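Take a look at the structure set out below.
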Ligand SMILES: Cc1cc2nc3c(=O)[nH]c(=O)nc-3n(C[C@H](O)[C@H](O)[C@H](O)COP(=O)(O)OP(=O)(O)OC[C@H]3O[C@@H](n4cnc5c(N)ncnc54)[C@H](O)[C@@H]3O)c2cc1C
């Protein structure tokens, strides 16, 4: 059988693309290597799935890398409001939480993937799970997709023909969810250029990382990324110290540039500001007030009193590592130590635990208005396989939904046009 559209990968982008193409009237088949679709969706947002957010395009665009311009058409054709309507119409209620983040009301990520599967089924998509696509080639005007049955011990294989192919295989992050990077090989087999790949939204490991820091989470702190002694990014928000180093929302936000700089061999440092709302002078005045209320003067300040003072300025668990990091701590240098706690970074967590893969199918190779490869009519790319990634906060799934929707609709439009002209 010759399908109109074949979608490779049943993640957020692929399920949206398949639904949109089928709703437009195309025969659609989706191949997914896992035994079920949406394995990565199920672990998003700590199992709750932050599926999008309430940002306007102008705000949204500042959180998209490397260039949001490429996403503009896709976002306007299927915006964050459209994503909410799509799920609500399919029976999945959503809620807006702190910071404009949008989740399913049930707070169950699996409800999001199940809703997408239901939408595909209702639209008539043929869903073939346990099929891993190995290669795609063009035979005349149609594509042949060669796959193996990934779950079968017999290594059974087969091929499917389609007029259009949408590659939505994701990136390389969290390979256990099915992301193996096959989409990049498919792109390269058509001479489509990739931008260098690297993990993003990932933990940064300092030199001589103090194990006492592990498990500490800080709210409303500042973080400055310094590359080769120049401050390149300043963020304020939440940060956590884990087994893997520095992460949390602001740790992740600076990780993209930090990882790129580390790969380029540059010197990377992070400066943690424990009191971002106060200037040095205001902080010195605050410390003076604290000391007055404790009835101590600077001359009497020994280690015990210093610990008591620090207990008024930071979470208890942070006191010991803070003192270790600042061996010559005095009342005089305390404000600057609180404003700048320097961590020299030596490495980062790789794809095994990075939230997204940066880089991918080059924006130059794909027409932004359709997501069709410039030099391969009928071949489309959507989702994380593209050189497009966002910060934490629902940006990445919105990118996947917007690009999946646009690719599905564009592929359908092209095929339906051809059908009309040949009748
Ligand atoms: C732990 C974690 C938490 C996250 N939380 C959030 C969040 O809350 N909000 C947010 O916006 N983003 C979040 N993200 C990022 C977001 O999940 C991804 O950016 C998004 O899922 C990408 O969608 P995709 O469809 O492009 O790729 P994927 O979701 O990775 O889907 C690709 C699919 O293709 C399949 N596939 C791959 N190769 C083949 C092949 N050769 N043949 C057949 N099938 C194949 C895979 O098995 C997979 O199912 C999170 C990511 C992680 C890892």
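The values are calculated or read from the model by the stated rules, or taken from the named source; none is laboratory data. None of the values given here were measured: they were computed from a predicted structure. Neighbour counts run over all protein chains shown; Cβ positions are idealised from the backbone, glycine included.
Observations
- Residue within the stretch 52-60 that is near the ligand (Cβ under 8 Å from one of its atoms), free of Cβ contacts under 8 Å to residues at least 24 places away in the same chain, part of a helix (DSSP H, G or I) and assigned by TED's automatic domain parsing to the domain that holds residue 105 present: no
- Among the residues of the stretch 204-223, the one identified as crowded, with 23+ Cβ neighbours inside 10 Å and closer than 21 Å to residue 353 by Cα is 204.
- Residues being surrounded by 14 or more Cβ atoms within 10 Å (Cβ to Cβ) and modelled with pLDDT under 95 - total across the stretch 327-352: 2
- Count of residues meeting criterion [near the ligand (Cβ under 10 Å from one of its atoms) and closer than 15 Å to residue 134 by Cα] in the stretch 162-183: 10
- Just so you know, in the stretch 1-27 the residues that are touching a strand residue (DSSP E or B) at 6+ places or on another chain (Cβ under 7 Å) and within 13 Å of residue 128 (Cα to Cα) include one that is nearest to the ligand (Cβ to nearest atom), and it is 9.
- With respect to the conditions (1) assigned to a helix (DSSP H, G or I); (2) more than 11 Å from the ligand (Cβ to nearest atom); (3) surrounded by 22 or more Cβ atoms within 10 Å (Cβ to Cβ), residue 73 falls short on a single one, namely (3).
For (1) under 16 Å from residue 166 (Cα atoms); (2) surrounded by 24 or more Cβ atoms within 10 Å (Cβ to Cβ), each residue gets a yes or a no:
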| position | (1), (2) |
| --- | --- |
| 15 | yes, yes |
| 18 | yes, yes |
| 23 | yes, no |
| 26 | yes, yes |
| 30 | yes, yes |
| 35 | no, no |
| 42 | no, no |
| 51 | no, yes |
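- Some residue of the stretch 407-423 being under 22 Å from the mean Cα position of the chain (by Cα), closer than 19 Å to residue 184 by Cβ and surrounded by 16 or more Cβ atoms within 10 Å (Cβ to Cβ): yes
- Hits in the stretch 32-48 - residues which are near the ligand (Cβ under 6 Å from one of its atoms), within 19 Å of residue 249 (Cα to Cα) and more than 12 Å from the chain's Cα centre (by Cα): 43
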